[in-house]
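The values are calculated or read from the model by the stated rules, or taken from the named source; none is laboratory data. This structure is a prediction, so every number in the text was calculated from the model and none was measured. Positions of Cβ are backbone-derived with ideal geometry, glycine not excepted, and every protein chain shown enters the neighbour counts. What goes into the accessible areas is simple: the full protein's heavy atoms, side chains included, and nothing from ligands, DNA or RNA. Shrake-Rupley method; radii C 1.70, N 1.55, O 1.52, S 1.80 Å.
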Amino acid sequence: MAISEAIEALQRTFTSEHLALAGTEEYEKLNNSYYSFLQSDLSPAAIFLPRSKHEVAQFVQTFKPFALNGAAQFAIRGAGQQPLPACSNVDNGVTIDLRFLTGLELSHGCIAIGAGERWGAVYEKLTQEGLGVTGARSSGGGIGGLALAGGLSFFSSREGFICDNVTNYEIVLATGEIVNANAQEYPDLWRALRGGGNNFGIVTRYHLRTFKQGQFWGGSVFYFPPSFPGQIEALVRELKKPDASEETHLMISIGYSVSFAQLGGDLCMNQLYYTRPVENPPVLEPFATVQPQIDQINTMRTLTLKDAAAEQGQQSATGVKCAYMNTTVKADVATLQAASSTYVAALGPLKSLEGITCSLTLQAYPVSLLEKSNNSLGLDPADGPLVSVLLLTWWKNREDDEKITQTFRDVLEKIDQGASSRGTAVPFKYLNYAHSFQDPIGSYGAENVEKLRKASTKYDPEGLFQKGVPGGFKLF
């Protein structure tokens, strides 16, 4: 049996509107709509478009025999925003695209979100109700990539990781059975899904806890590299305060972009938020008043959740290749200064590449966030505060793929070596920022990996989502 037989079986089960076949206009449009063209470089034989959770279950039951005997593989796509190659697309297989599984429903302090929704629609509804949710910081992002991996939010210092706010996962298992995993039903599966990625089934709906949330203060500040060491010091100083605020969300970045060529291309950006309606809160002052800065593009203001996510969505590039890779270190000035120096030193040979934009982004994992961690990630509050170190790159041409990936892989290795030598290394690698050469699930620690494997063996004993779904990071 081959992929053609699997597609024929799907054609017998579903109408033509459910399948976009390679070579058709609809197929090309769908396959070129990923956030990163590293994903669009892959060519599935067909794209399946379910309209309900029951059709997802039918797909699993129909496709399963072909996947288990090695004849065909499939990928699971929500919004297609995670740039990891093949995490939500597959060569010569079938990509199941969940874009039509929409719907938002508020009840009993939670919002139910269809797997095909994007956060912008969620925030529009919640802002009207004076509510918030621990969700993505970009309006264009999808739900599953974050809710199954960990996920940082504007509110994470106060509310925890995104996955820690998921009260229920509606999921199609390998048998085709549709179940709800929560603290009362399938609690082991519920916890496994909090960081376990696409290893257990196809989630069709997410229930997340909501909370009262009005306007807050935030935005972006742009400045120049000579000031970045002082911003690192300010970040570590704030994180290490015994009374560090739970209302802040702090990101500081240094990098290069052809978009700012008229300013030399080398630039820094702080993305700063204080999640209460206080103008110019003192806790943000060291980051918001850095000088010299580019006043014309300073966006600090009072905004809604919808506004904040829309702004970050506009700051993302589209129609290009994108790659993430990451590590985590303890909040230590010397470690972070060395990471910044190593990163900047590697940029020179890349600046001539077409469409290049790249940044080293440092994101705070305060102790208050780590204390709320009830998931599979293996993070210990005793190790905190921590800093996520993200290497983010956009570029245009396929012939530059290897050069960019290898350059920043070498940088990341040096950052990890430096942290190890200083005693500030942390094993954790965030799944949603990981590149294919990394092992984020292994970084959760042996005990958590074993729990994830037990859940996989229990709910997917034949290994459909290990063998049949090659993308993402596997358990076995």
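The table that follows gives values for the structure above.
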{"read-out": "Residue among 335, 328, 342 that alone is open to solvent by less than 20 Å² (accessible area, probe 1.4 Å), β-branched (Val, Ile, Thr) and not in a strand (DSSP E or B)", "value": "335"}
{"read-out": "Hits in segment 417-438 (condition: within 19 Å of residue 163 (Cα to Cα) and in a loop (DSSP other than H, G, I, E, B))", "value": "428, 429, 430, 434"}
{"read-out": "Selection status of residue 387, open to solvent by 30 Å² or more (accessible area, probe 1.4 Å) and of a type in the set (Val, Ile, Thr)", "value": "no"}
{"read-out": "Elements of type strands (runs of 3 or more DSSP E) in segment 200-297, at least 1 residues being crowded, with 19+ Cβ neighbours inside 10 Å, out of contact with any Ser or Thr (no Cβ under 8 Å at 6 or more places or on another chain) and of a type in the set (Ser, Thr, Tyr)", "value": "202-212, 216-223"}
{"read-out": "Pair list, Cβ under 9 Å, 6 or more apart: segment 85-101 residue closer than 18 Å to residue 197 by Cβ, other residue of a type in the set (Asp, Glu) and crowded, with 24+ Cβ neighbours inside 10 Å", "value": "88/97"}
{"read-out": "Strands (runs of 3 or more DSSP E) enclosed by segment 81-154 - at least 3 residues per element that are modelled with pLDDT of 95 or more and crowded, with 24+ Cβ neighbours inside 10 Å", "value": "94-97"}
{"read-out": "Test: residue in segment 445-461 that is over 19 Å from residue 163 (Cβ atoms), open to solvent by 20 Å² or more (accessible area, probe 1.4 Å), modelled with pLDDT of 95 or more and part of a loop (DSSP other than H, G, I, E, B)", "value": "yes"}
{"read-out": "Residue within segment 432-441 that is open to solvent by less than 40 Å² (accessible area, probe 1.4 Å) and of a type in the set (Asp, Glu) present", "value": "no"}
{"read-out": "Test: residue in segment 317-325 that is closer than 27 Å to residue 129 by Cβ, under 16 Å from the mean Cα position of the chain (by Cα), at pLDDT below 95 and outside any helix (DSSP H, G or I)", "value": "no"}
{"read-out": "Failed item in (1) loosely packed, with under 15 Cβ neighbours inside 10 Å; (2) assigned to a loop (DSSP other than H, G, I, E, B); (3) in contact (Cβ under 8 Å) with a residue 12 or more places away in the chain, with residue 372 passing the rest", "value": "(1)"}
{"read-out": "Of all residues making up segment 298-307, the number that are open to solvent by less than 30 Å² (accessible area, probe 1.4 Å) and part of a helix (DSSP H, G or I)", "value": "1"}
{"read-out": "Residues located in segment 423-460, provided they are touching a residue at least 60 places away in the same chain (Cβ under 8 Å) and more than 28 Å from residue 412 (Cα to Cα)", "value": "451, 454, 455, 456, 458, 459, 460"}
{"read-out": "Subset tally (residues that are in contact with a strand residue (DSSP E or B) (Cβ under 7 Å, 6 or more places away or on another chain) and surrounded by fewer than 23 Cβ atoms within 10 Å (Cβ to Cβ)) for segment 160-184", "value": "8"}
{"read-out": "All positions within segment 14-34 that are farther than 26 Å from residue 321 by Cβ and exposed (fewer than 15 other Cβ atoms within 10 Å of the Cβ)", "value": "15, 16, 17"}
{"read-out": "Single unsatisfied condition, residue 128 versus (1) under 24 Å from residue 19 (Cα atoms); (2) more than 23 Å from the chain's Cα centre (by Cα); (3) among the polar types (S, T, N, Q)", "value": "(1)"}
{"read-out": "Unmet criterion (only one of (1) in contact with a Pro (Cβ under 7 Å, 6 or more places away or on another chain); (2) of a type outside the set (A, V, I, L, M, F, W, C); (3) surrounded by fewer than 21 Cβ atoms within 10 Å (Cβ to Cβ)) for residue 414", "value": "(1)"}
{"read-out": "Lone unmet requirement of (1) without any contact (Cβ under 8 Å) to a residue 40 or more places away in the chain; (2) closer than 30 Å to residue 214 by Cα for residue 380", "value": "(2)"}
{"read-out": "Hey, residue 412 closer than 30 Å to residue 62 by Cβ and of a type outside the set (D, E, K, R) or not", "value": "no"}
{"read-out": "Pair list, Cβ < 6 Å and 6+ apart or interchain, from segment 162-173 residues that are in contact (Cβ under 8 Å) with a residue 60 or more places away in the chain to residues that are charged (D, E, K, R) and crowded, with 24+ Cβ neighbours inside 10 Å", "value": "163/194"}
{"read-out": "Subset tally (residues that are in a loop (DSSP other than H, G, I, E, B) and either open to solvent by 10 Å² or more (accessible area, probe 1.4 Å) or hydrophobic (A, V, I, L, M, F, W, C) (or both)) for segment 35-51", "value": "7"}
